[in-house]
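Take a look at the structure below.
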Amino acid sequence: MTEQGIGAAVARREDRRFVTGQGHYTDDINRRGQTYACFVRSPHAHATLNGVDTAAAGAMPGVRAIFVGEDMAEVGPLICGWAITDVNGEPFRAPPHPALAIGKVNYAGEAVAVVIADTLEQAKDAAAAVEVDYGLLDAVVDPAQATAGGQPQIHEAAPGNLSFEWALGDKAAVDAVFDGAAHVTSLEFANNRLVPNAMEPRACVAEYDAGSGEHTLHIASQNPHVHRLVMSAFHGLAPEHKLRVVAPDVGGGFGSKIFIYAEEVVLTWAASRVRRPIKWTAERSESFLTDAHGRDHVTTAELALDSDGKFLAMRVDTTANMGAYLSTFASAVPTYLYATLLAGQYTTGGIYCNVKAVFTNTVPVDAYRGAGRPEAAYVVERLVEAAAAETGRDPADLRKTNFVPTDAFPYETPVIMQYDCGDFAGSMDQALDLAGYGGFQARKAESKAGGRLRGIGFSSYIEACGVAPSAAAGSLGAGVGLWESANIRFNPTGNVQLFTGCHSHGQGHETAYAQIVADKLGVPYEQVEVIHGDSSKIPFGMGTYGSRSAAVGGSAIVKAADKVIEKGRKIAAHTLEASEDDIEFAGGNFTVKGTDKAMNIAEVAFTAYVPHNYPEGLEPGLDETAFYDPLNFSFPAGTHICEVEVDPETGSVSIERYAAVDDFGVLINPLIVEGQVHGGIGQGVGQAMLEHAVYDGAGQLVSGSYMDYTMPRADDVPSYDVGFNGVPSPLNPLGVKGCGEAGAIAAPAAVMNAVHDALRDVGVGHIEMPATPLRVWQAIQDAAA
Amino acid sequence: MTVSVSLTVNGEAVSADVEPRTLLVQMLREELGLTGTHVGCDTSQCGACVVHVDGESVKACTLLAVQAEGADVKTIEGVADGDTLHPMQQAFHENHGLQCGFCTPGMIMSALDLVKNNPDPSEREIREWLEGNLCRCTGYHNIVKSIDAGARAMRG
Ligand code: FES
Ligand code: FES
């Protein structure tokens, strides 16, 4: 390891601009002649749209245009890019989602019209003056009831409000195992609906150059090329070569900025109509009402065990709330990103999972940090913990009894995944140490003496990251390939520009990727610049989500570096008058084996651009691009242990300790990796204890602002003890696995298992997320009654 | 109708004609081009917009620009000494106290006010002081660590 190569805890280079206020987020961009968009949104969750009267608003000062759904009839509707086949062999029902509503609105906040005016104030004033005639309909809100008879029908194309019913596994075989099992643990619970809440609200600035016919869209996006592709191929807004999409500094994504939303489609289309740049930035209330939400499952889950505590089978029945429409990747989340992880870290023999994806009159639900995997980990780890309590076993021991043994890899699960490698028991042991498990009973006794309840909870999660091998994803319904690109461009003076198709919105790619290039090519770290986010600069790339930037994006960089070395070897051989086979490359130097004849890579680059004495037939230049398609998912896994103390008088829960040991394979920058773990845990703690998107019976989002939706604050969370037990993945050239989602996947079960453990002493059997003080207090009262 | 507002920002006298409903944060961002101060919410909860007004941390979305008439305002752009980062900025950098950076200006402005009043804050005091600053990326761990380190560096 060099000082700034792979494995070094380099403080991030991007920090300087952020700590000095010099970042460039989308809302910081202003263009000459810029106008502003304000969307008229439905205040009703379910209504017919009988008419939109824009006459008065259109006459207000500064208003340039007002558009309604019918005006955009030529623009294709928003799409869902992952097709699912129903249990009956039918395609899923994906009703059209026009960017501006036509004829009907299906959730409160859905865009009905857009006003474009010279100032934001003028746009807002005019939007308030647009008169919409709604015909109110009853709303479908509760996903568990959505398909029941007598519910209002949301989409004609989706009878019974069902998008699809999907299943994985052999039901008859699993049922048979359950029939003969020594013990069955059953749980029913919800996985609470969350609002992603990246701190930077969604925003875009759309421009159109009438001279060149080129559209430029600056947007807070995690994947500018995916935006470009969909807006071109499906919305028909412009051919790809006439549409430039730039995602500049982006203030967090967590999934919510993957998707193609109505606003960017409308702005891109409208900018060529009004012939002015148009800006839109969501107000936080709009973010709550329109950003795709996360989770929202209702689940019944069962685990069958034999008398030795071996997991024999698992049966899971889930209703997943899709909201009013299928968002961009919504259908993949409760299916291939969920049921395929239900084996967890265990050798469970058979698994059957049935999923009903239903429509409700709520904001669309899609991937949010972890996406399906937190839901799966919650199912598995709550079941295991409950089974341990029911059968009187130590929860750590029960897990160890069932872990996939270290020598069993590659390991084929019953739910179509092949785990590449891991050391589940090793991570557990390390976590037990870090958590001070041996001292828990003493701490519990001490709490008890003070009138408090103490509990400990485990979460031995696994996730599938490094999204994704294209052919496998395609066979499961993905509409895109999920490879990644990298272009390493040497300049004649020896410094390097790395162009990547991944996108950093907090992950520190500018630093970590420069470390990879410095490490592989021996170029000084300072001389490597990382460029991302601009479709007119970078090669086509798939962006950042699913913890893919290291395993897929990083691997593409290594492949491009290999090509650079290969070409450099030819140049060096020629210059040094040696055979290519005799040239060795290490530490930035090409050396003739067994001699001191050498030239460094900067000299090679110069020679490539000034090829006066150069191998015959070799192209000039040192500029190599690689596209890397992963061989498999990667499987980060680990054990998180949470210790809580509950005040039975108030129901308040405080996290006293939180220990995490994760296997992410090789770490490129441990400082950044730790930060990713912390952030993920923070969001997972939020889900477990604080956050809940609540709709009332009329489909109004009750927790629609920071006054009502409880975001984790600094004094709600503890400091975290983080450790690593890396087993390098054999499946990619860096040996990395991905670290971005682990915390959010592991933490909800760890926290909730600890809360259940604490409350078991006072007879509380079940409590739902978020375990707010009111809920905890109520559960304690009910148990005592 | 517009009104003229004059104030000092980062040591420079500035003035602008703004609508009476213009918030201080809008004036800073839109009129003065100081886009380091961010807007993360519409209910004065997130703290992305924290600046110093007459030496105290204030959410710039809670103040109308006209209310800042004559005030001495400092934004994140005014914290470093030329190319030399302020010790608090340096501490955020060294301790990985930021990821996407969106909350960071508000965090740093808020932290500076804390340390001014309490040069040696405990972890609990730091966490409680940050009640009004939301971060979605870091889980707060490294922000708390950064502020602790920054405070130490400022004590010298
Ligand atoms: S923008 Fe001022 S507190 Fe959120
Ligand atoms: S660093 Fe992203 S919100 Fe704090």
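A quick yes/no check of all residues on (1) more than 14 Å from chain B (Cβ to nearest Cβ); (2) away from ligand 2 (no atom under 16 Å from the Cβ); (3) open to solvent by less than 40 Å² (accessible area, probe 1.4 Å):
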position	(1), (2), (3)
A:177	yes, yes, no
A:185	yes, yes, yes
A:193	yes, yes, yes
A:196	no, no, yes
A:212	yes, yes, no
A:220	no, no, yes
A:226	yes, yes, yes
A:229	yes, yes, no
Note on residue A:48: of the conditions (1) within 14 Å of another protein chain (Cβ to nearest Cβ); (2) open to solvent by 40 Å² or more (accessible area, probe 1.4 Å); (3) in contact (Cβ under 8 Å) with a residue 12 or more places away in the chain, unmet is (1)
Residue check for residue A:514: open to solvent by 20 Å² or more (accessible area, probe 1.4 Å) and more than 16 Å from ligand 2 (Cβ to nearest atom): no
Next on the checklist: Would you confirm, using the coordinates I've provided, whether residue B:124 is more than 7 Å from chain A (Cβ to nearest Cβ) and among the basic types (Lys, Arg)?
Outcome noted: yes
(Q) Within the stretch B:58-66, does at least one residue satisfy the condition of being open to solvent by 40 Å² or more (accessible area, probe 1.4 Å), at pLDDT 95 or above, away from ligand 1 (no atom under 16 Å from the Cβ) and over 24 Å from residue A:12 (Cβ atoms)? (A) yes
Of the candidates A:8, A:37, the one satisfying the condition of being hydrophobic (A, V, I, L, M, F, W, C) and in a loop (DSSP other than H, G, I, E, B) is A:8
Q.
Just to be sure before I move on: is residue B:72 within 14 Å of chain A (Cβ to nearest Cβ) and farther than 18 Å from residue B:148 by Cβ in the structure I sent?
A. no
Considering residues that are more than 14 Å from ligand 2 (Cβ to nearest atom) and of a type in the set (Gly, Ala, Ser), the number found within the stretch B:83-131 is 2
Taking the stretch B:3-19 and keeping only residues that are open to solvent by 40 Å² or more (accessible area, probe 1.4 Å) and either at pLDDT 95 or above or more than 11 Å from every other protein chain (Cβ to nearest Cβ) (or both), one is left with B:3, B:4, B:6, B:8, B:10, B:11, B:12, B:13, B:15, B:17
Residue under question is residue A:644, and the condition is that it be open to solvent by 10 Å² or more (accessible area, probe 1.4 Å), of a type in the set (A, V, I, L, M) and touching a Lys or Arg at 6+ places or on another chain (Cβ under 9 Å); does it hold?
no
Going through the stretch B:128-156 in order, the residues found to be facing chain A (nearest Cβ under 7 Å) and of a type in the set (Gly, Ala, Ser) are B:139
By residue number, the members of the stretch B:79-89 that are facing another protein chain (nearest Cβ under 9 Å), open to solvent by 10 Å² or more (accessible area, probe 1.4 Å) and either in contact (Cβ under 8 Å) with a residue 60 or more places away in the chain or of a type outside the set (Val, Ile, Thr) (or both) are B:80, B:85, B:86
Problem - Filter result for residue B:53 (within 14 Å of ligand 1 (Cβ to nearest atom), at pLDDT 95 or above, in contact with a helix residue (DSSP H, G or I) (Cβ under 7 Å, 6 or more places away or on another chain) and open to solvent by less than 40 Å² (accessible area, probe 1.4 Å)) - result: yes
**Asked** Any chance the stretch A:722-738 includes a residue that's over 12 Å from residue A:677 (Cβ atoms), within 16 Å of ligand 2 (Cβ to nearest atom) and more than 22 Å from the chain's Cα centre (by Cα)?
**Response** no
If we ask which residues in the stretch B:27-38 are within 15 Å of residue B:51 (Cα to Cα) and facing chain A (nearest Cβ under 9 Å), their number turns out to be 7
Please indicate, with yes or no, whether at least one residue in the stretch A:310-333 is buried (at least 24 other Cβ atoms within 10 Å of the Cβ), part of a loop (DSSP other than H, G, I, E, B) and free of Cβ contacts under 8 Å to residues at least 60 places away in the same chain. yes
Reported set for the stretch A:732-767 where residues are open to solvent by 50 Å² or more (accessible area, probe 1.4 Å) and either under 30 Å from residue A:647 (Cβ atoms) or out of contact with any Phe, Trp or Tyr (no Cβ under 9 Å at 6 or more places or on another chain) (or both) is A:760, A:761, A:762, A:763, A:765, A:766
Selection from the stretch A:524-566 of residues in a loop (DSSP other than H, G, I, E, B), out of contact with any Gly (no Cβ under 7 Å at 6 or more places or on another chain) and among the hydroxyl-bearing types (Ser, Thr, Tyr) yields A:535, A:536, A:544
Item to complete: Report yes if some residue within the stretch B:90-103 is touching a Pro at 6+ places or on another chain (Cβ under 6 Å) and either away from ligand 1 (no atom under 15 Å from the Cβ) or touching a residue at least 60 places away in the same chain (Cβ under 8 Å) (or both); otherwise report no.
Response: no
By my count, strands (runs of 3 or more DSSP E) wholly in the stretch A:622-703 with at least 1 residues that are within 20 Å of the chain's Cα centre (by Cα) and under 24 Å from residue A:9 (Cα atoms) are A:637-647, A:652-663
By residue number, the members of the stretch A:344-363 that are in a loop (DSSP other than H, G, I, E, B), over 20 Å from residue A:744 (Cβ atoms) and open to solvent by less than 10 Å² (accessible area, probe 1.4 Å) are A:348, A:360, A:361, A:362
Note to self: Condition (residue is within 14 Å of chain B (Cβ to nearest Cβ) and either surrounded by fewer than 20 Cβ atoms within 10 Å (Cβ to Cβ) or among the β-branched types (Val, Ile, Thr) (or both)) applied to the stretch A:264-284: is it met by at least one residue?
What the structure shows: yes
Scanning the stretch B:1-44 for residues that are out of contact with any strand residue (DSSP E or B) (no Cβ under 9 Å at 6 or more places or on another chain) and either within 23 Å of residue A:251 (Cα to Cα) or among the small types (Gly, Ala, Ser) (or both), the one farthest from ligand 2 (Cβ to nearest atom) turns out to be B:33
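The values are calculated or read from the model by the stated rules, or taken from the named source; none is laboratory data. Here the structure is a predicted model, which means the values were calculated and not measured. Because the Cβ atoms are built from the backbone with ideal geometry, glycine has one as well, and the counts that use them run over all protein chains shown. What goes into the accessible areas is simple: the full protein's heavy atoms, side chains included, and nothing from ligands, DNA or RNA. Shrake-Rupley method; radii C 1.70, N 1.55, O 1.52, S 1.80 Å.
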